[in-house]
Amino acid sequence: MSQNLALLGGRPIRKRPFTSWPIFGKTEESRLIRTLRSGLWGRLEGKEVTRFEERFAEMHGCRHGIAVVNGTVSLRLALMAAGLRAEDEVIVPPYTFFSTASAVIEANMVPVFADIDLNTFNLDPRALAAAITPRTRAVIAVHFAGQPADMDVIMSIARKRKLLVIEDAAHAHGASYRNRPAGSLGHLASFSFQSTKNLTCGEGGIITTNDAQLAAACRSLHNCGRISGGAWYEHQVCSGNYRLGEFQGALLNAQLNRLESQTKTRDSNGRYLAGRLAKLPGLYPQQYPDACSRHAYHLFMLRNDGREFGAPRAAVIKALQAEGIPCSPGYAFSLPQQPAFCQRAFGPYLPRLADQLNYERVLCPNSDLICREQGVWLEQAMLLGPRADMEDVYCAFEKIHEQRIALVDWFRRPETSRTRK
């Protein structure tokens, strides 16, 4: 493959779009219309959300599912339901969406960051163990990009130190670890149904658990503090209304019918693409450990080591986009470097501790390296097409590697002089 890069005037590898998202059809339409015509639009009146909770929980190996308005709320309610108190410490990875840590703050608790493994992009159990203090009460294990974290080791550490384990499974619908579904591996789990997620209704979330007491606490918290068997205007704990609506439930019931097939396709294509890209110097797809029996591939993640590949990530991403391959660098910096944490902009939360916390001193070198220099993301819908789509992605990387000297020469020019030949 010797043709010029599209960025430099050559013919792009791909001109047609990848699979669009979301995918929907008559099933979603008829279910929404049926809900509309029923006039039962709230969760308390209709049956769609209740049915979805049952189906989703069963699919993910759990006896209980509590659907809520979004994945941030599901994390916060899980922390509160477990009886954690103000100023308790919760260990979280630094390479994840803001909500994993902001939910801890909104529960009036202290996020403590423990670095990720460079190859799996998930919480490093050694960093977790080193971060535990006498005030540590919980750990949020993120299944980043849809690959389950090293849950056997994490749960072993948690048992020894008597810690609550919450799975942040926002990316992990349909994933499994040692043939056990994500969502059933810790004490509680949180899923998201936001627009980009592998299972979506636009906005929504769910808590899963096999613990009846935790489930009852979550149901109370998501329903204004009411309890089963109590009077309607009797509120046992301070909480709000976080119930999911029936239109979202209808969409999710229809979308859930597609999840198994889509997850199999993503997993197959993701494994294939990872195997192809790993043959090129300096490309390191997210490692697929033996314990991961199925990857949900909400993202296809890889590291681009610019020195080994021969071109820096920023240049490679521009070249990929020009070749017709949508991609991004992902997070620009690790969570401790977010302005909200550096400036301790916690609002009414943690008033006694806020001035004592200094997140600017937190060092997470693996997360920082991926954020600043190496991370490359491909979105999940790209993995829903035929195997030929994966070949196009590989061929684009291969072409860029072959033309890396020309790419670097172009990239080093002043931006105003970067014109296509």
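Legend: residues H298, H64, sorted from most to least accessible area (1.4 Å probe; ligands, DNA and RNA excluded), read H64, H298. A rounded overall shape is assigned to segment 71-189, the ratio a/c of its alpha-carbon gyration tensor axes (a ≥ b ≥ c) being less than 1.5.
When a 1.4 Å probe is rolled over the protein heavy atoms, the share of accessible surface on the chain that falls to carbon and sulfur comes to 51 percent. In a simple Cβ point-charge model (Lys, Arg +1; Asp, Glu -1; nothing else charged), segment 252-375 has a dipole of about 200 debye relative to its Cα centre. I'd like the distance separating the alpha-carbon centroids of segment 88-120 and segment 212-259, in whole Å. Using only Cα atoms to place each centre, the spacing works out to 25 Å.
When a/c is below 1.5 the answer is rounded, else prolate if a/b is larger than b/c, else oblate, so apply that to segment 1-147 with a ≥ b ≥ c taken from the square roots of the Cα gyration tensor eigenvalues. Verdict is oblate for segment 1-147.
Summing charges over all other residues whose Cβ lies under 11 Å from the Cβ of S176, with Lys and Arg as +1 and Asp and Glu as -1, gives +2. Solvent-accessible surface of the chain, averaged per residue with a 1.4 angstrom probe and all protein chains in place: 44 square angstrom.
Cross-link partners of K15 among aspartates and glutamates, defined as those whose alpha carbon lies under 16 angstrom from its own and excluding same-chain residues fewer than eight positions apart: E323, D389, E391, D392. The residue list S99, G39, G83 was ranked by how far each Cα lies along the charge dipole of segment 1-105 toward its positive end, using unit charges on Cβ atoms, and G39 comes out on top.
With coordinates expressed along the principal axes, the C-alpha atoms belonging to segment 281-421 extend over 58, 46, 24 Å, beginning with the largest. Separation of segment 323-364 and segment 372-421, taken as the distance between their Cα centroids, equals 29 angstrom. For segment 23-177, the dipole from Cβ point charges (+1 on Lys and Arg, -1 on Asp and Glu) about the Cα centre works out to 500 debye, to the nearest 20.
The residue list A254, L244, L283 was ranked by how far each Cα lies along the charge dipole of segment 242-315 toward its positive end, using unit charges on Cβ atoms, and L283 comes out on top. Only protein heavy atoms count here; under a 1.4 Å probe, K279 has an accessible surface of about 140 Å².
When +1 charges are put on Lys and Arg Cβ atoms and -1 charges on Asp and Glu Cβ atoms, the dipole computed for segment 189-259 relative to its Cα centre reaches about 120 debye. Candidate cross-link partners of K162 among the lysines, defined by an alpha-carbon separation under 18 Å and a same-chain spacing of 8 or more, are absent. The alpha carbon gyration tensor of segment 361-406 gives principal lengths a ≥ b ≥ c with a/c of 1.5 or higher and a/b no greater than b/c, which makes the shape oblate. Taking each DSSP H run with n ≥ 4 as -39500 (n - 2.57) and averaging over every residue of the chain yields -11000 deg cm²/dmol at 222 nm. Accessible area of I206 (1.4 Å probe, protein heavy atoms only, ligands and nucleic acids ignored): about 0 Å². Centre-to-centre, using Cα atoms only, segment 269-286 and segment 126-204 are separated by 25 Å.
The values are calculated or read from the model by the stated rules, or taken from the named source; none is laboratory data. Because the structure is a prediction, the values reported are computed rather than measured. Counting neighbours? That spans all protein chains shown, and the Cβs are built from the backbone with ideal geometry, glycine included. Accessible surface is based on the protein model in full, side chains and every heavy atom, while ligands, DNA and RNA are left aside. Shrake-Rupley method; radii C 1.70, N 1.55, O 1.52, S 1.80 Å.
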